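Starting off with a structure, shown below.
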Amino acid sequence: MIGASRTSLAALREAVNARFDGADATALAADWQSILSFTTLLGQERTLRQTLADPALAADAKRELLRSLLDGKVGGGALDLIVETATRRWSTDRDMLDAMHEAGASLLLMSAEKQRRIDRVEEEIFRFGRIIDSNPDLQMALTNPAVDEQSKAAITGQLLAGRADDLTVQLLRAVTSELRGRPVQTAIRDLSALAANRRGRVVAEARSAIPLSPEQSHRLAAALGRIHHREVQLNVTVDPTIVGGLEVRVGDEVIDATLSTRIEAARRTFELGRRDPRGDRGQRLDVRPGERA
């Protein structure tokens, strides 16, 4: 997200975090279900979504519209967060929808935290992401537009049945059934980052041409931890296409030290060096001895 959306998302995250002390695990889970249902509706109702994201519509008008639609149908906590989201400024209506989805998922993660289940939930989300990364057929099934949302949720539920915490299953069913144009790998990584954040950690995604040794992974995680002043969960993906070196992504920040990028930068520098500011030097260099330009 950029511009107004980035500012609004930061404010919404603060509002979501403020719910932690004032609600128990059951209330937080109920709010999650309410927000999930409403975001599903917004995903289907384009006119309503665009109306709520319209910066020209006054906040009071949006507030009244939402209360008329939802009052008595969702809990007060969920309604407050839905109103908080809709009355913020967003660059696009999709940004607003993505932010509302994140708010709902954060509530269920907060419920897991209150029940002392967040460690298990985060680990299971991470492991499911690894399964997705290594299984192209599963990626295709979950991103295929011909497969409806209920079927995608059922696929995820069947994979996790009896193997994961119920809260993990709820989160992953919701995420994989409503990708909103994102690759499924990205959607799972975003959820994993949210879960890590609830544990006071940040997630760093590293791409390396070869596997890192445990010592190298530990040193890299420690260095990133010093930069971000938080514990870092390092996820390493082996990608031979980068030739050598390392690319690390933490949120929107990218540290690109790959050999392929350096080679490309050198190639561009070389090409620029061959050009003459006058624009015709290349033609003169091609003239053979004894010929006139």
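What does the highest-first list of 212-222, 81-91, 161-171, 8-18 look like by mean Cβ count within 10 Å?
Working: 212-222: 13.1, 81-91: 21.5, 161-171: 17.6, 8-18: 15.7.
Taking the mean over residues of other Cβ atoms within 10 Å, the ranking is 81-91, 161-171, 8-18, 212-222.
How large is the convex hull of the C-alpha atoms of the range 58-186 per residue, in Å³?
On the way: hull volume 16.9 nm³, N = 129.
Given the Cα convex hull of the range 58-186, per-residue volume reads 131 Å³.
For the range 129-227, give the percent of accessible area contributed by carbon and sulfur heavy atoms, probe 1.4 Å, rounded to a whole number.
Numbers: 2720 of 5010 Å².
Ligands and nucleic acids excluded, carbon and sulfur reach 54 percent.
Let me ask something else. With a 1.4 Å probe and all protein chains kept in place, how much accessible area does R199 have, in Å² rounded to the nearest 10?
80 Å²
Taking the Cα-to-Cβ direction at V254 and at E231 and moving 7 Å from each Cα, how far apart do the two end points lie in nm?
Placing both labels 7 Å along Cα→Cβ, they lie 2.9 nm apart.
Let me ask another. Could you work out Rg/(2.2 N^0.38 Å) for the range 121-162, with Rg from alpha carbons only? Please list the in-between numbers first.
Numbers: Rg = 10.7 Å, N = 42, 2.2 N^0.38 = 9.1 Å.
Ratio of Rg to 2.2 N^0.38 Å for the range 121-162: 1.17.
Considering only protein heavy atoms, with the full assembly of protein chains and a 1.4 angstrom probe, order T7, T156 by accessible area, largest first. Could the numbers behind the result be given before it?
Details: T7 100, T156 0 Å².
Per-residue accessible area, sorted high to low, gives T7, T156.
I would also like to ask the following. Before I look further, what does the range 123-251 give for accessible area per residue, probe 1.4 Å, in whole square angstrom? Show your work: numbers first, answer last.
Values: 6570 Å² over 129 residues.
Value returned for the range 123-251: 51 Å² of accessible area per residue.
Fully extended, how many nm does the chain gain between A56 and F20 (0.36 nm per residue separation, minus their Cα-Cα distance)?
On the way: separation 36, 0.36 × 36 = 12.96 nm, distance 3.23 nm.
Roughly 9.7 nm would be gained on extension.
I've got another one for you. Please compute the modelled spin-label separation between R67 and D133, points set 7 Å along Cα→Cβ, answer in nm with one decimal.
With each label placed 7 Å out from Cα toward Cβ, I get 4.8 nm.
In addition: At 27 Å minimum axial length over the Cα atoms and a Kyte-Doolittle cut of 0.5, report the qualifying DSSP H helices in the chain, or say none. Mind dumping the intermediate values first?
Working: long enough: 25-44 (29 Å, 0.71); 93-114 (32 Å, -0.14).
TM-like helix candidates: 25-44.
For the chain, divide the Cα radius of gyration by the Kirkwood radius and give the resulting Rg/Rh value with two decimals. Intermediate results must be reported in sequence, preceding the final value.
Working: Rg = 24.2 Å, Rh = 21.8 Å.
We get a ratio of 1.11 for the chain.
Now, a different point. By a straight-distance test (C-alpha under 28 Å), which lysines pair with K62 as possible cross-link partners, with residues fewer than eight away in the same chain excluded?
Partners found: K73.
Follow-up question, since we're still on this one. Quick one: Cα centre-to-centre distance for the range 82-104 and the range 18-40, in angstrom?
16 Å
Ok, one more. Could you sort 96-102, 72-78 so that the peptide with the highest average Cβ count within 10 Å comes first and the rest follow in order? Don't skip to the end; give the middle numbers.
Values: 96-102: 22.4, 72-78: 15.6.
Highest-to-lowest ranking by the protection proxy: 96-102, 72-78.
Still on this structure, please answer the following. Where the accessible area of the range 61-113 is counted over protein heavy atoms with a 1.4 Å probe, how much of it, in %, is carbon and sulfur? It would help to have the intermediate numbers written out before the result.
On the way: 830 of 1970 Å².
Its accessible area is 42 percent carbon and sulfur atoms.
OK, next. With every protein chain kept in place and ligands, DNA and RNA left out, what is the accessible area per residue of the range 1-43? Probe 1.4 Å, answer in Å².
Working: 2090 Å² over 43 residues.
Accessible area per residue: 49 Å².
So what is the diffusion coefficient of the range 154-207 in µm² per second by Stokes-Einstein at 37 °C and 0.692 mPa s, using a Kirkwood Rh over Cα pairs?
Rounded to a whole number, D works out at 272 µm²/s.
The values are calculated or read from the model by the stated rules, or taken from the named source; none is laboratory data. What you are looking at is a predicted structure, and each value in this text was computed from that prediction instead of being measured. We place every Cβ from the backbone using ideal geometry, glycine too, and count neighbours over all the protein chains shown. Side chains are part of the model used for accessible areas, which takes the heavy atoms of the whole protein and leaves out ligands, DNA and RNA. Shrake-Rupley method; radii C 1.70, N 1.55, O 1.52, S 1.80 Å.
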